[in-house]
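The structure under discussion appears below in the form of structure tokens.
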């Protein structure tokens, strides 16, 4: 797993409510960002398909030299759906995940904060590599994913260290030391997911280049108009 | 129904939904709002309750609820691997670092490593909490019809989020089948015998890439269909979903009472239940 998902009961009620409130604010920002203009059905459909593929792909074990890993593709979802829609997709995937024990129901908030950070950093890093430094598809995808997942691995460390595991008598400093070891393992998994994402991005760049950074490029609205352009209908 | 999942420890949504659609138990006939309400109380209770024995009782009740839905217990225990993995990955170091009485001590490269009683208790507590919620959550989803879940989602989520959730839930089954088909094709051609980590990684990346391309093609077709059918920003709900029955309200009241007592005991009177 390229990042950890927290299960129910790990945090005290106070910290659970705090992180859930922060997640709610992030989701509200994403919803407001998407509400500024009318959302075309295509955008909704693409976000939904990203969520269903993200969840379906998660069910597949990828064999690696360090053992089988599951991919979440949150940075890739950010690249494909954009930061606003991608954040909502991350929440939807977390809700599906909570239903089957991939992260707890009460932990949808903290887990979503981590995933939203992955989506947003994945999107902007990819955009930076692709447009500013003109890096190729593979390296842009690899770098964006590895950077996003590495940062999120340390974000998990930060969240758990601040909140502390309820029932534990360790200090915040001792919790931090424990979690840093876990973060190192997650960074290794982040590199594996980075390689896979790099190949997927280069594959998409060959077969559907219009999908990469489609959000940033603001493609023309493909909605079908039922009224013929060029004046009033005859008759 | 045959299971079709590429990981034995991850629940297959089609398999989960199959039980929700075809089951005939008392839990299946329970009102979906009541079940969702009870799920909320289970989550809240495992967060508030600190005592391992009370948590074990909640887990036992969750397993009893699951069994009352005539759902396969053997499959459930297989699915426990996923929460077990997450809990272990978070708390494995705590069994060595948590202050407490040593249960086992060895010398590794001149460093004393000890498993403490408090560390083991902490890990067990976290595990029981996670399993209680997973069991109850799976019981709810395996005893509730797809349509009812979509109605609840459309009522409780904001519009855009509900639309994404409903569409992805609707197409998750097809997407999952499609990924499975590609993996079947790969394995039937000896793809799983591919040597080398790089080749293996590229092969899986190709499969996932195809899944994304197909998903985008499907998204474009769906968008056109939505517009052709007069999509105005929401999916209409045509089937009614009744309110909970008197028995359902009684169960919810029981949940509220249990939560209030647990919170009172934790924060105001620690001797109330002995934790």
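Going by the conditions given, is residue A:149 more than 21 Å from residue A:10 (Cα to Cα), under 19 Å from the mean Cα position of the chain (by Cα), more than 12 Å from chain B (Cβ to nearest Cβ) and part of a helix (DSSP H, G or I)? In short, yes.
Selection of the stretch B:156-178 for residues being surrounded by fewer than 22 Cβ atoms within 10 Å (Cβ to Cβ) and farther than 18 Å from residue A:91 by Cβ yields B:173, B:174, B:177, B:178. Only helices (runs of 4 or more DSSP H) whose full extent lies in the stretch B:1-94 are considered here, and none of them has at least 2 residues that are modelled with pLDDT under 85 and not assigned by TED's automatic domain parsing to the domain that holds residue B:265. Checked against the criterion of being modelled with pLDDT of 85 or more, assigned to a helix (DSSP H, G or I) and more than 9 Å from every other protein chain (Cβ to nearest Cβ), the candidates A:46, A:77 yield just one match: A:77. Screening the stretch B:77-105 for residues that are surrounded by 20 or more Cβ atoms within 10 Å (Cβ to Cβ) and in contact (Cβ under 8 Å) with a residue 60 or more places away in the chain and picking the one that is nearest to residue A:157 (Cα to Cα) gives B:82. Selection of first residues in the stretch B:27-49 that are within 14 Å of another protein chain (Cβ to nearest Cβ) and at negative phi and of second residues that are surrounded by fewer than 19 Cβ atoms within 10 Å (Cβ to Cβ) and not in a helix (DSSP H, G or I), restricted to Cβ pairs under 7 Å at least 6 apart or on distinct chains, gives the following pairs, ordered by first then second residue: B:32/B:241.
Apart from one condition, residue B:155 fits all of (1) more than 7 Å from chain A (Cβ to nearest Cβ); (2) part of a helix (DSSP H, G or I); (3) touching a helix residue (DSSP H, G or I) at 6+ places or on another chain (Cβ under 6 Å); the exception is (3). Tallying residues that are more than 8 Å from chain B (Cβ to nearest Cβ) and more than 19 Å from residue A:190 (Cβ to Cβ) within the stretch A:86-103 yields 1. Looking only at the stretch B:208-235, residues that are assigned to a loop (DSSP other than H, G, I, E, B) and either at the interface with chain A (Cβ under 7 Å from one of its Cβ atoms) or more than 26 Å from residue A:73 (Cβ to Cβ) (or both) come to 6 in all. Would you check if there is a residue in the stretch B:136-146 being more than 8 Å from chain A (Cβ to nearest Cβ), in contact with a helix residue (DSSP H, G or I) (Cβ under 9 Å, 6 or more places away or on another chain), under 21 Å from residue A:181 (Cβ atoms) and surrounded by 17 or more Cβ atoms within 10 Å (Cβ to Cβ)? No: the stretch B:136-146 contains no residue that is more than 8 Å from chain A (Cβ to nearest Cβ), in contact with a helix residue (DSSP H, G or I) (Cβ under 9 Å, 6 or more places away or on another chain), under 21 Å from residue A:181 (Cβ atoms) and surrounded by 17 or more Cβ atoms within 10 Å (Cβ to Cβ).
The values are calculated or read from the model by the stated rules, or taken from the named source; none is laboratory data. Note that this is a predicted model, so its numbers are computed, not measured. Here the Cβ is made from the backbone with ideal geometry for all residues, glycine too, and neighbour counts use every protein chain on show.
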